[in-house]
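So the structure is just underneath, and the comments pick up after that.
The values are calculated or read from the model by the stated rules, or taken from the named source; none is laboratory data. All values reported here derive from a predicted model rather than from experimental measurement. FYI the Cβ positions are ideal-geometry reconstructions off the backbone, even for glycines, and counts take in every protein chain you see. Just so you know, the surface numbers come from the protein's heavy atoms only, side chains and all, with ligands and any DNA or RNA stripped out. Shrake-Rupley method; radii C 1.70, N 1.55, O 1.52, S 1.80 Å.
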Amino acid sequence: KATLLLSRCLLKMVKENIVVPDEILNFCCNGFQGSTSPPRAREPGEREEAPGAMASPSPTGNPTEVQMSQLVLPCHTNHRGELSTGQLLKWIDTAACLSAERHAGCPCVTASMDDIYFEHTISVGQVVNIKAKVNRAFNSSMEVGIQVSYEDLCSGKHCSICKAYATFVAQGPPGSKVKLKPLTPQTEEEKIEHSIAAERRRMRLVHKETLKDLLTRSPRETELETRDGSAAVPAEKTRVESVELVLPPHANHQGNTFGGQIMAWMENVATIAASRLCHAHPTLRAIEMFHFRGPSQVGDRLVLKAIVNNAFKNSMEVGVCAEAYGQEMSISRRHINSAFMTFVVLDQEGRPCTLPMVAPEPGDGVRRYREASARKKIRLDRKYVVSCKQTEVPLSVPWDQSNKVGCCPAGVAASCPPLPAPDVSPLPQVYLSYNNVSALKTLVAKANWALAREKEKVRMYTLEEDKFLSFRIEMSVRIAAGRAFSLLSDLRRRHEWDSHYASAELVQQVDDDDMIYHVVSQTLSHENKPQDFVILASRRKPCSKGDPYVVAFRSVTLPTHPASASFTRGETLCSGFCIWPESEEMSKVAYYNQATPGYLNYVTTNVAGLSSNFCATFEACEKFLLKNKEDLIVRLQDL
């Protein structure tokens, strides 16, 4: 009835040449799009879907997967006829929340959104396709993975736009906590995402500490320069402040403001701030993590503030914050959200233009200026380790012992579009550790392992793909998983059971979970010299029931331990142990290795049955574990 009444009113206004208000036009554009029938009543706890969306269950059978398709109309676009990033963020948030609520079975709210890198723009008439599914459920929060692509209906072309990860929290009745049921991945892709979700969660939790550590080491002096003879622009000239009233269309079924709506408002003021610096129409290239600190409700006033924190040669960072208050101005404002957005200005050929420098204000302005430089470095580092394929990662990644960080090679980072590659610069330890563990977990989750040999309790599997031959050796051992984890994660004791190890020296104890060793092998190289390695060992205890204990190894380079003429420097790309508890006193121990060229002959000899070194080594490992499990108990009791 309401739809019919509004249609009649609009028709009458048009006939009588009455100007239709923008609010009514926007409501019609969004509310009537793609629907010709009255809306059905929503069930309790069900989230309202985006107007005009086609959100449906996944044809693959994943119960949490949501697919949404949106036709881009003129009311969704900016002055260039391209889809507004704010509108895209609203669609992404809606699809992700629908997926989260399918798993939780109750209302969910957006807690955070990880970095998003936009690879392409979308034009009017094209279709946005969004896929969202829960990667992993923790206690009361869950990670939702989102893939966004566009489809050109005329040419049939499909192209990826971005990939994002959002964290949602389940909301139970007031005063109660929701305990989420665990998620069981089915496909190889789901198993990989499920396994690495724990590492991404770990990286989110240490993000602030990483930034603080980087700022502590960086020089405090702020040097300003000019570009193309132009003077620096005072940052104060880019400041924007805007207020929005939260109305019912902006809220979900709980009365809280949609996270996507807040993100869209923040993107709007950030674009204005960026335009005031460059006096042009900027393009949003990346968004750093959104962190929602608290909810806002219908009737709240949201104050949105934005300012350009720093301008680099071809990009600028804009800081945005959202604060809420009610009708009473005397009540202090609540901090709702903060975000940092990276903009570029493109010329007619699509190339980035040179931007003017920013002159920060004394005090907080200088702090924001320095933090923006640190965040740019962290963004590039994080994009390098999270986005690059394993085949693009060099075998040995440089590691600076003095500041407990590694270095991100410029050539490798250049293979990760669309942002420009960084110079060789320190890479925070947390990202190398993430890359080390996630590479092993990805290898473990592969589906096409083939049994190559079996001798008594020891089984050997192989996996052939692209440039790599990987192998896995496993057996069950009568030892508690935690004790096996403690014994196998200390490389200084590996020579006691592995005849290929001559010695292992602990070079650096990075933290409780990451160590760097210098390993000398008894295996001779083709130069008839023993091999040596510099190895980063990263340990992880199970995040939840069913997870294995993980010990991951990869090569790094240290300036204090350069290649020596006495040895042939060896390298390992990805190897390590996974230990699954089968009972209180029984564990399945598996060793994985992605064989590098220098190791291939040794691997294939064992696979072909021409040698039993692998089996003999693993049998020695079992004896080592059984012999030392009681000694470990005694040592722990003494501690």
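Pick out, in residue order, every one of the GluC sites (Glu not before Pro) in the stretch 304-372 that is DSSP loop and has at most 15 other C-beta atoms within 10 Å; say none if there are none. Don't skip to the end; give the middle numbers.
Working: sites: Glu317, Glu323, Glu328, Glu349, Glu371; in loops: Glu328, Glu349.
Loop-located and lightly packed - Glu328, Glu349.
Would you mind checking which residues have amide H under 5 Å from Ala111's amide H? H placed 1.01 Å from N; only 5 or more apart, or other chain.
Excluding prolines and chain starts, which carry no amide H, the hits are Thr167, Phe168, Val169.
Ranked from the most accessible area to the least, with a 1.4 Å probe and all protein chains present, what is the order of Arg136, Arg201, Arg276, Arg293? Let's see the in-between values first.
Details: Arg136 5, Arg201 85, Arg276 105, Arg293 140 Å².
Ranking Arg136, Arg201, Arg276, Arg293 by accessible area, largest first, yields Arg293, Arg276, Arg201, Arg136.
Of Thr64, Val206, Gly156, which is farthest along the charge dipole of the stretch 63-206 in the positive direction, counting Lys and Arg as +1 and Asp and Glu as -1 at C-beta?
Val206
Quick one: plug the Kirkwood hydrodynamic radius of the stretch 486-557 (C-alpha pairs) into Stokes-Einstein at 20 °C, 1.002 mPa s, and report D in µm²/s. Please report the intermediate quantities before stating the final value.
Numbers: Rh = 13.2 Å.
Approximately 162 µm²/s, per Stokes-Einstein.
Roughly how many whole Å is it from the C-alpha centroid of the stretch 474-515 to that of the stretch 83-111?
Value for the Cα centre distance between the two parts: 43 Å.
Take the cross-link list Lys131/Lys305; Lys455/Lys529; Lys541/Lys629; Lys181/Lys457; Lys441/Lys588 and give me the ones stretching past 26 Å between alpha-carbons. Show your work: numbers first, answer last.
Values: Lys131/Lys305 31 Å; Lys455/Lys529 32 Å; Lys541/Lys629 18 Å; Lys181/Lys457 35 Å; Lys441/Lys588 16 Å.
Going by Cα-Cα distance, Lys131/Lys305; Lys455/Lys529; Lys181/Lys457 fall outside the 26 Å limit.
Just the number, please: carbon plus sulfur as a percent of the accessible area of the stretch 232-390, 1.4 Å probe, no ligands or DNA/RNA counted. Mind showing how you got there, number by number?
Working: 3350 of 6470 Å².
Reported share for carbon and sulfur atoms: 52 percent.
Could you give the spread of the C-alpha atoms of the stretch 63-206 along their three principal axes, from largest to smallest, in whole angstroms?
Between the extreme Cα coordinates on each principal axis of the stretch 63-206 lie 47, 36, 31 Å.
So, taking all protein chains as they sit and a 1.4 Å probe, how much accessible area belongs to Lys455, in Å² rounded to tens?
80 Å²
Could you work out the percent of alpha carbon pairs in the stretch 299-361 separated by over 13 Å, rounded to a whole number? Display every interim value, and only then the final one.
Numbers: 1339 of 1953 pairs.
Roughly 69 percent, once rounded to a whole number.
Could you state the accessible area per residue of the stretch 65-163 in Å², with a 1.4 Å probe and every protein chain left in place?
Details: 3230 Å² over 99 residues.
I get 33 Å² per residue for this part.
For a quick size check, give me the Cα extents of the stretch 232-390 along its three principal axes, largest first, whole Å.
Largest to smallest, the principal-axis extents are 44, 42, 32 Å.
Please give the charge dipole size of the stretch 63-206, origin at the Cα centre, charges +1 on K and R Cβ atoms and -1 on D and E Cβ atoms. Round to the nearest 20 debye.
On the way: 16 positive and 15 negative charges, 108 e Å.
The dipole magnitude comes to about 520 debye.
Can you work out ³J(HN,Hα) from phi for every residue in the stretch 177-191, in order, using Karplus 6.51 cos²θ - 1.76 cosθ + 1.60 and θ = phi - 60°, giving whole Hz and x for Gly and Pro?
Each residue's phi maps through the Karplus curve to give 10, 9, 9, 6, 6, x, 9, 9, x, 10, 7, 4, 4, 5, 5 Hz.
Calculate one ³J(HN,Hα) per residue across the stretch 143-155 by plugging θ = phi - 60° into the Karplus curve 6.51 cos²θ - 1.76 cosθ + 1.60, and present them in order as whole Hz with x for glycine and proline.
9, 10, x, 10, 10, 10, 9, 10, 10, 8, 5, 7, 8
Using a probe radius of 1.4 Å on heavy atoms only, what accessible surface per residue do you get for the stretch 464-568? Whole Å² is fine.
Numbers: 4670 Å² over 105 residues.
Value for the stretch 464-568: 44 Å² per residue.
Would you check the accessible area of Tyr592, probe 1.4 Å, heavy atoms only, in square angstrom rounded to 10?
Tyr592 has an accessible surface of roughly 10 Å² with all protein chains in place.
With a probe of 1.4 Å, find how much accessible area the stretch 232-390 has per residue, and write the answer as a whole number in Å². Write out the running numbers ahead of the final one.
On the way: 6470 Å² over 159 residues.
That works out to 41 Å² per residue.
First compute the accessible area of the stretch 63-206 with a 1.4 Å probe, then give the percent of it belonging to carbon and sulfur atoms. Kindly include the intermediate steps, with their values, before the conclusion.
Working: 3010 of 5700 Å².
Roughly 53 percent of what the probe reaches on the stretch 63-206 is carbon or sulfur.
According to a simple spin-label model (label point 7 Å from Cα along Cα-to-Cβ), what is the distance in nm between Leu245 and Ser123?
In this crude label model, Ser123 to Leu245 measures out at 3.9 nm.
Looking at the stretch 497-576, which GluC sites (Glu not before Pro) are in a loop (DSSP not H, G, I, E or B) and have at most 11 other Cβ atoms within 10 Å?
Details: sites: Glu505, Glu527, Glu571; in loops: Glu527, Glu571.
Those that pass, being in a loop and sparsely packed, are Glu527.
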